[in-house]
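The values are calculated or read from the model by the stated rules, or taken from the named source; none is laboratory data. All figures in this text were calculated on a predicted structure; none of them were measured in a lab. Positions of Cβ are backbone-derived with ideal geometry, glycine not excepted, and every protein chain shown enters the neighbour counts.
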Amino acid sequence: MRTRTAGIGVEDLAWIHRDQFLHYLTVTRATGDPTDWPRFRDGVVEALEAAFGLAPEEAGPAGAFSVVEGVRGTHDPATDWEGFMDELWRQRRSIRPDLD
């Protein structure tokens, strides 16, 4: 058991990133339609920007956008939401290398 006097420790960052990732993607799915891919893709990229604190240049064609497109090639969010989310999480370092 870990005892802490105050604040958030470095060991908490991975949990925080995962929690934010799940939150923003869940909201995106609840408010979007994965069968409308162009609009849904943009929502997923915005969710990743929010979850990972991405700057606009990290989300553009060479960043999160291309990762989301690639993940959809193997896991269509309209039919395989869990696989889509899991693969996006696995690809997080492709979007932002400093994420744990």
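Things worth noting here:
- Count of the stretch 79-100 residues, restricted to those that are in contact with a helix residue (DSSP H, G or I) (Cβ under 8 Å, 6 or more places away or on another chain) and either at pLDDT 95 or above or of a type outside the set (D, E, K, R) (or both), is 11.
- Hits in the stretch 63-77 (condition: outside any helix (DSSP H, G or I) and under 9 Å from Ile95 (Cα atoms)): Gly63
- Members of the stretch 1-39 found to be modelled with pLDDT of 90 or more, over 13 Å from the mean Cα position of the chain (by Cα) and assigned to a helix (DSSP H, G or I), listed by number: Ala30, Thr31, Trp37, Pro38, Arg39
- Any hit, the stretch 40-52, residues being modelled with pLDDT under 90 and at positive phi: no
- Residues in the stretch 42-100 that are over 22 Å from Gly32 (Cα atoms) and free of Cβ contacts under 8 Å to residues at least 24 places away in the same chain: Ala55, Glu57, Ala62, Arg90, Arg93, Pro97, Asp98.
- Taking the stretch 42-62 as the range and being surrounded by 18 or more Cβ atoms within 10 Å (Cβ to Cβ) and part of a helix (DSSP H, G or I) as the test, the residues that pass are Gly43, Val44, Val45, Ala47, Leu48, Glu49, Ala51, Phe52, Ala59.
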